[in-house]
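The values are calculated or read from the model by the stated rules, or taken from the named source; none is laboratory data. These numbers come from a predicted model, not from an experiment. Quick reminder, even Gly has a Cβ in these numbers, built from the backbone with ideal geometry, and neighbours come from all protein chains shown.
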Amino acid sequence: MKHKSKNKIHYRAVINSRAIAVIGLVCALIFSVVTIVAAINNAGVFACIVFGIFAMLGIMLILTVNQRVDYTDKDFTYRDMLRITHRYEYSQVKKIRYGGNLIVTVGKKLILIDENAFNIDGFAKELIQHSENAEVISLEKAKLFRGNIRNPGEFIFIDIIVVAVPVFLLFIALFVNHDITPDEITICTGRITEYHFDRSDNSDRFVITVSDRSGEKRTFTTGSIEDNSQKYKDIEINIAKSREFEIGYIYNENEEEADICLFSCGNTQYVSLDDVNSVNIENRKTSFILSGVFFAFAILYVVTSTYIMSNADRYPKLVKLFVKEDHIIRKDGNKRKRS
C-alpha cells in the first residue's frame, strides 16, 4: 500500500497568455517591414527610428511568452523574458500589489504578472498567505474608463480604428509611390504627331501623342516638361524635324494616357528614371510626414478621450465631446439624466 509523503512538494505554475505574444508577433512583423521599406526608400532617420521602436515593442511582447512562475508552499521561482530563472523565498517579498495585474516587490526587483496569465489568482493567494513580512495592497480590479461608460468595448474598438487608419495610410504610401525599376519599363519609339499642355486641373502636364513604327498611336503625359523651358523648345525643334523619340512607360491596357518614365531624342534626355523616382521619393516623404502627424493626433485622441472618460465626473462637459450622454454612468450605476 502506497503512502503519501508528508514532505511532498506540490509545484504549481503561472503562465502568461499566448495572446500577448501573438499580438507582439503581428506588431513586430508589420513595423519591421515598414522600418526596412522606410530605410530603403530614404524616408528619413526619424521615421526609421519611430517605426523601429514599435517593432522593438512588438518583440518585447513576444518575449513575454518566456515569463513563468513556479511556486510551492515554501518558495517560488520566476523566469523572466530572457529565460533567466530567479528563486525567491516568501520571506524576501516586501510588497504585493494585487488587483488585476500582480506586482511583487522582491528586494529591489519588481515582478509584473499580467492579469490574463493562467493561475494568477492561485499564485496571488499563495503569495499573500506565506509572505508574512510583505505589505499587501489589494486593489479593486480596474474597470474600463473606471466604470463611467456604458458598453466601453465600443469605444475601445473606435480607438483601435483611429490608430489603425494612419498605419493603413502609411502602407498605401509605401506601395503606391514605390521606385520604378528598368525591368518595369516598356519602350515606345516613334514620332510625335500632337502635343499640348493640359491645364484643365491646373497641373500643366505635357501631353503627347506618338505614332510608333507600326503606325499605332499612343498618348503619354508628364509633369517634368515646363512650358517655354529649354527642354520644351528643343522638343519642338525635333518634332519639326520629324525625328523619332523614345518614350519609356509602364504598360497598362486600361489606361488611355500613360505616365512618361523615360523621354529622349537621340542623345538628348528630357525625362530620366531618376527624375521620376526623385518625385516618388518626395511624395513618400510627404506621405510619411502626414501619416506621422495623423498617427500623433490619433494617439493624442486616444489618450485624451481615455483620461476624460475615466474622469467623467470631473469633466462633465468635455466628456460629451467623446461619448453620447446616454452612455455616461453615474457613480451609483445609473445613466446621467438629461438636463
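The table below lists the values:
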read-out: Residue 324, sole failed condition from (1) farther than 25 Å from residue 167 by Cα; (2) modelled with pLDDT of 80 or more; (3) of a type outside the set (A, V, I, L, M, F, W, C); (4) surrounded by 12 or more Cβ atoms within 10 Å (Cβ to Cβ); value: (4)
read-out: Residue 72 vs. criteria in the same structural domain as residue 25 (by TED's automatic domain parsing) and free of Cβ contacts under 8 Å to residues at least 40 places away in the same chain; value: no
read-out: Which numbered condition residue 149 fails, given (1) β-branched (Val, Ile, Thr); (2) under 29 Å from the mean Cα position of the chain (by Cα); (3) outside the structural domain of residue 325 (by TED's automatic domain parsing); value: (3)
read-out: Qualifying position, being surrounded by 15 or more Cβ atoms within 10 Å (Cβ to Cβ) and at pLDDT 85 or above, among 30, 96; value: 96
read-out: Sole exception among (1) at positive phi; (2) at pLDDT 80 or above for residue 333, by number; value: (2)
read-out: Tally of residues being surrounded by 13 or more Cβ atoms within 10 Å (Cβ to Cβ) and not basic (Lys, Arg) across segment 231-246; value: 8
read-out: Any hit, segment 171-182, residues being in the same structural domain as residue 269 (by TED's automatic domain parsing) and more than 30 Å from residue 27 (Cα to Cα); value: yes
read-out: Boolean, residue 268 is at negative phi and more than 39 Å from the chain's Cα centre (by Cα); value: yes
read-out: Within segment 121-230, strands (runs of 3 or more DSSP E) holding 2 or more residues that are surrounded by 15 or more Cβ atoms within 10 Å (Cβ to Cβ) and at pLDDT 80 or above; value: 186-198, 205-212, 217-222
read-out: Long-range neighbours under 9 Å by Cβ, at least six apart or interchain, first residue farther than 17 Å from residue 261 by Cα within segment 207-228, second part of a loop (DSSP other than H, G, I, E, B); value: 213/244; 227/204
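Results for (1) modelled with pLDDT under 90; (2) touching a helix residue (DSSP H, G or I) at 6+ places or on another chain (Cβ under 7 Å); (3) in a helix (DSSP H, G or I), shown as yes or no for each residue.
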site	(1), (2), (3)
42	yes, yes, no
47	yes, yes, yes
61	yes, yes, yes
77	no, no, no
88	no, no, no
